[in-house]
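**Student:** First the structure, then my questions, so here it is.
The values are calculated or read from the model by the stated rules, or taken from the named source; none is laboratory data. If you're wondering where the values come from, they're calculated on a predicted model, not measured in any experiment. Reconstructed Cβ throughout: ideal geometry from the backbone, glycine too, with neighbour counts over all protein chains shown.
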Amino acid sequence: MAKTEPLPTAEIGDFAVPRHVAIIMDGNGRWAAARGLPRGEGHRRGVEALRRTVRAAGDLGIDFLTIFSFSAENWSRPPAEIRELMGLLRRFVRHDLADLHRRGVRVRVIGEREGLDPDIRRLLDEAEELTKDNNRLVLVVAFNYGARQEIARAARRMAAAVAAGKLAVSAVTADSLASYLDVPDLPDPDLIIRTSGEQRLSNFLLWQAAYSELVFVPTYWPDFDRTALESAIAEYRRRERRFGGLAARTGS
Ligand code: IPE
Ligand code: IPE
Ligand code: MG
């Protein structure tokens with residue numbers, strides 16, 4: 001893995017750092033297979049890549065980092081792999097929470113918590129509670145997460161508010177629906193990175209990704225590091241975001 005210094009601040013410039021970066025951390029299994037190792041080893045090395053990335057995101061001045069760590073569809077994997085992934089989450093929270101807290105990271109969790117093992121729910125609650133006043137970097141952990149399920153949850157909450165007479169039918173709008181998502185005050189991701197060469201969203205942040213810039217990199221997740229994050233950001237900076245308007249230089 002290449003060791004490089006972070007880009008100098010002047011090079012990065014506040015304007016150029018995406019405020020919210022979301023990552024689909026993919027390719028752990030293929031990383032392991034390429035080395036003749038069990039898939040679990042890929043997942044373990046993936047946790048190390050996550051540590052490096054959270055640190056780099058904080059150093060680069062990113063405000064929100066969302067990571068896709070377990071999808072609602074990942075339950076279809078073999079039970080032994082699911083046990084390994086659950087074990088890694090437990091260990092990550094137990095081992096890293098104090099350090100994240102010390103470094104000013106606020107942890108938030110999106111995804112369905114019903115049906116998770118009670119001890120995992122407790123760990124996720126504890127991580128959110130302990131770090132709730134931190135503001136250096138918000139780390140959003142998408143766990144047991146599916147975007148369609150999240151949108152359905154939001155619709156259900158809205159329907160309940162309408163049924164209770166607290167929300168008018170005419171107040172159901174794109175803006176108001178966004179405020180019923182799992183973490184309502186989360187800005188949309190500016191940049192979504194997917195590792196491992198796959199070019200799809202796999203039910204990740206479908207609502208929030210409406211105008212995100214997508215960067216697909218061939219690197220398997222366990223090899224991801226600060227340099228890889230910086231080059232994805234460099235690619236983002238070459239993009240022109242128009243949001244349906246006209247290019248900045250032609251006037252809008
Ligand atoms: C990402 O790596 C981790 C999770 C989805 C939990 P994969 O396990 O999907 O690795 P590949 O895609 O099989 O290589
Ligand atoms: C997406 O990766 C989910 C996570 C990274 C947690 P998958 O490996 O599950 O996605 P597909 O199955 O290749 O679309
Ligand atoms: Mg995968």
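**Student:** Considering 9, 66, which residue is modelled with pLDDT under 95, β-branched (Val, Ile, Thr) and more than 16 Å from ligand 3 (Cβ to nearest atom)?
**Tutor:** The conditions single out 9.
**Student:** Also, I was wondering about something else. Out of (1) surrounded by fewer than 21 Cβ atoms within 10 Å (Cβ to Cβ); (2) assigned to a strand (DSSP E or B), the odd one out for residue 156 is which?
**Tutor:** Checking residue 156 against (1) surrounded by fewer than 21 Cβ atoms within 10 Å (Cβ to Cβ); (2) assigned to a strand (DSSP E or B), the one that fails is (2).
**Student:** Right, next: State which residue is farthest from ligand 1 (Cβ to nearest atom) when the search covers only the stretch 21-76 and only residues that are among the basic types (Lys, Arg) and in contact with a Gly (Cβ under 9 Å, 6 or more places away or on another chain).
**Tutor:** Only one residue fits best here, namely 35.
**Student:** Okay, moving on. Specify the residue that is modelled with the lowest pLDDT; the eligible residues are those in the stretch 171-210 that are assigned to a loop (DSSP other than H, G, I, E, B), exposed (fewer than 15 other Cβ atoms within 10 Å of the Cβ) and among the acidic types (Asp, Glu).
**Tutor:** Selected residue: 185.
**Student:** Scan the stretch 134-155 and give yes if some residue there is closer than 19 Å to residue 76 by Cβ and at pLDDT below 95, otherwise no.
**Tutor:** The answer is no; no qualifying residue exists.
**Student:** Could you tell me which residue of the stretch 15-54 is farthest from ligand 2 (Cβ to nearest atom), considering only residues that are free of Cβ contacts under 8 Å to residues at least 12 places away in the same chain and either under 22 Å from residue 102 (Cβ atoms) or part of a loop (DSSP other than H, G, I, E, B) (or both)?
**Tutor:** Result: 36.
**Student:** When you scan the stretch 56-91, how many residues do you find that are over 13 Å from residue 111 (Cβ atoms), in contact with a strand residue (DSSP E or B) (Cβ under 7 Å, 6 or more places away or on another chain) and not in a helix (DSSP H, G or I)?
**Tutor:** Residues that pass the stated criteria total 4.
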